[in-house]
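First the structure, then my questions, so here it is.
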Amino acid sequence: MEKYEAVVLVKHRAFVQLKTALQKMMPADIAQLLSEMIEEQDGFGEKELTLIFRVLPKELAAETFTYMSSDLQMLLINAFSDRELKAVLDELFLDDTVDIIEEMPANVVSRILKTTDPAKRKQINELLNYPEDSAGSIMTTEFVYFRRDDTVKEAFERIRSVGVVKETVYTCYVTDCRRLVGRVSLLDLVVADENAIIEDIMDCTVVSVGTHDDQEVVANLFSKHDLAALPVVDAENRIVGIITFDDAMDVIREESNEDMAMMSAVMPNEDGYFKTSVWKHARSRIVWLLVLMLSATITGAITNHFEPLISTVPLLVSFMSMLTGTGGNCGSQSSTMVIQGMAMEEIRLKDFFRVMFKEFRIALICSVILAAVNFVRIIIMYQNVKIAAIVSITLIGTVILSKLLGCMLPMLAKKIHIDPAIMSAPLLSTLVDSCSTLLYFTIAMKILNVAV
């Protein structure tokens, strides 16, 4: 259904046709439709948004609510009566409720908590007390579990009775005094005899994560083991919740966006581009811009030191940007590959010298090819063998140095518990610029035999 169709149906109060049309759409598409209608306005506001939402069936409305932006959610919460708000919250999974609460201001949070029943409110508060970006903060406590001495028949009875309100029934867990001892899939239960004992068909090799483990660890485990769900355990191996694949996907997207921002010398921002104010955008960028600008004075100081050399051979200046740019590009290539390798757990800290040796060989091949091409180019354009030699030798040194720095810095950052992405763009570019400039003029001074 298009936006204008929905607007027309709301204006003419054709709610039966509207409900029929919306029921044919996916929850994410309905949320996007409502967002676009609010953004374009055109007579569509809070009242009309609430009318459309009230038309939706209860389960579809709750699922659509989870896909909405926090702004849209707040509009609806403010428009809801306490009874309507409770009806929506009762249909939400616990982790979705927690995600909504984390985005809302204090007055809205207090209203949400007031309308939830005491048991659910206690679970919400427990999840909110876990450290931000930890496994505990993104898990849900709604999962299906069995005892090890249950039969398959009893397991199916439990799924039928509680499965409808659980996050997933495709992977269930086996406990012994609340301790995690195994897991069974729905397929295992379907193909087993109904009198079979759960302990006999369960898989004892269960991958789990601790409540305080970082969410990046969670994402890596999902990727490594192709999991649909991941159990979360406390210090005594008691299962306290699970993380499902959709939550892991959100973590992966969040971590990727954060790394991309850091690699671009921008402070990470959880809000969207248009939702973030101009002032906040500027504030997130200015810190690194100031650092890079001030650190560039090192390169300037090196250039000033070799001013007599530049005065003697002004042509040297024309190759500086090419050398620093090539060095920066080479360093970025290496750092990107190493950061990606560490994120996928293909590269570990123990591989430090192995990675350096590999990057050195790559740099050697690339630098010789680049130097040969530049040597020929300079000979053709300037007919100056000495300048061609200076630039070519510097290029070999710059490429090797930048690729080694590009692989070293992220791994050293990981060693001292700093985000490796920080080292990729800001610090790397400054070091490469300074080192390549110093190397360039030193080599030129030796070959041209000019004293400084």
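The values are calculated or read from the model by the stated rules, or taken from the named source; none is laboratory data. All figures in this text were calculated on a predicted structure; none of them were measured in a lab. FYI the Cβ positions are ideal-geometry reconstructions off the backbone, even for glycines, and counts take in every protein chain you see. Side chains are part of the model used for accessible areas, which takes the heavy atoms of the whole protein and leaves out ligands, DNA and RNA. Shrake-Rupley method; radii C 1.70, N 1.55, O 1.52, S 1.80 Å.
Label-point separation (nm) for Ala296 and Asp250, each offset 7 Å from Cα along Cα-to-Cβ?
4.0 nm
Residues of region 63-140: accessible area per residue at 1.4 Å, in Å²? Write down the numbers at each step before the final one.
Numbers: 3580 Å² over 78 residues.
Spelled out: the 1.4 Å probe surface of region 63-140, per residue, equals 46 Å².
Sort region 294-438 into rounded, prolate or oblate with this rule: let a ≥ b ≥ c be the square roots of the eigenvalues of the Cα gyration tensor; rounded if a/c is under 1.5, and if a/c is not under 1.5, prolate when a/b is larger than b/c, oblate otherwise. Each step should come with its number before you reach the end.
Working: a/c = 3.25, a/b = 1.70, b/c = 1.91.
It comes out oblate by the Cα gyration axes.
Starting from the Kirkwood radius over alpha-carbon pairs of region 41-88, derive D by Stokes-Einstein at 4 °C in a medium of 1.567 mPa s and give it in µm² s⁻¹. Don't skip to the answer; put the middle values down first.
Numbers: Rh = 11.0 Å.
For the chosen part, D equals 118 µm²/s.
What does DSSP give for the chain in terms of the percent of beta bridges that are antiparallel, rounded to the nearest 5?
Within the chain, antiparallel bridges account for around 75 percent of the total.
Protein chains only, probe 1.4 Å: how do Val317, Val190 rank by accessible area, largest first? Present the calculation step by step, with values, prior to reporting the outcome.
Working: Val317 70, Val190 95 Å².
From most exposed to least exposed: Val190, Val317.
Once you compute Rg and the Kirkwood Rh from C-alpha atoms, what is the Rg to Rh ratio for region 117-217? Walk me through the intermediate numbers first.
Values: Rg = 15.0 Å, Rh = 14.8 Å.
When Rh is taken as the Kirkwood radius, the ratio is 1.02.
Using a 1.4 angstrom probe with every protein chain in place, what is the largest-first accessible-area order of Val169, Val291? It would help to have the intermediate numbers written out before the result.
Numbers: Val169 30, Val291 70 Å².
I get Val291, Val169, largest accessible area first.
Based solely on its DSSP helices, what 222 nm [θ] is calculated for the chain when runs of n ≥ 4 H residues each add -39,500 (n - 2.57) and the sum is averaged over all residues, nearest 500 deg cm²/dmol? Don't skip to the end; give the middle numbers.
Details: 22 runs with 299 residues, N = 452.
The per-residue figure over the chain is -21000 deg cm²/dmol.
For the chain, with all protein chains present and a 1.4 Å probe, just round the carbon and sulfur fraction of the accessible area to a whole percent. Working shown, then result.
On the way: 14170 of 24220 Å².
Roughly 59 percent of what the probe reaches on the chain is carbon or sulfur.
Could you tell me what a quarter of the Cα convex hull surface of region 42-132 works out to, in nm² with one decimal place? Let's see the in-between values first.
Values: hull surface 24.1 nm².
Hull-based average projected area comes out at 6.0 nm².
Another question, if that's okay. According to the Cα gyration tensor, what semi-axes, each the square root of 5 times an eigenvalue, does the equivalent ellipsoid of region 176-219 have, listed from largest to smallest in whole Å?
Values: eigenvalues 149, 32, 9 Å².
The three semi-axes for region 176-219 are 27, 13, 7 Å.
Between region 52-66 and region 345-381, how many Å separate their Cα centres?
Taking the Cα centre of region 345-381 as reference, the centre of region 52-66 is 57 Å away.
Let me check I have the definition right: for the chain, take the eigenvalues of the Cα gyration tensor, multiply each by 5, take square roots. What are those semi-axes in whole Å, largest first? Don't skip to the answer; put the middle values down first.
Details: eigenvalues 634, 192, 69 Å².
So the equivalent ellipsoid measures 56, 31, 19 Å along its semi-axes.
Semi-axes, largest first, in whole Å: what does sqrt of 5 times each Cα gyration tensor eigenvalue give for region 369-452? It would help to have the intermediate numbers written out before the result.
On the way: eigenvalues 202, 40, 14 Å².
Semi-axes (√(5λ), whole Å): 32, 14, 8.
How much accessible surface area, in Å² rounded to 10, belongs to the heavy atoms of Glu63 with a 1.4 Å probe?
90 Å²
With all protein chains present, calculate the accessible area of Arg285 using a 1.4 Å probe and round the result to the nearest 10 Å².
100 Å²
Using a 7 Å offset from Cα along Cα-Cβ at Asp82, what residues in region 94-118 end up with backbone N under 17 Å from the label point?
Zone members listed by number: 107-118.
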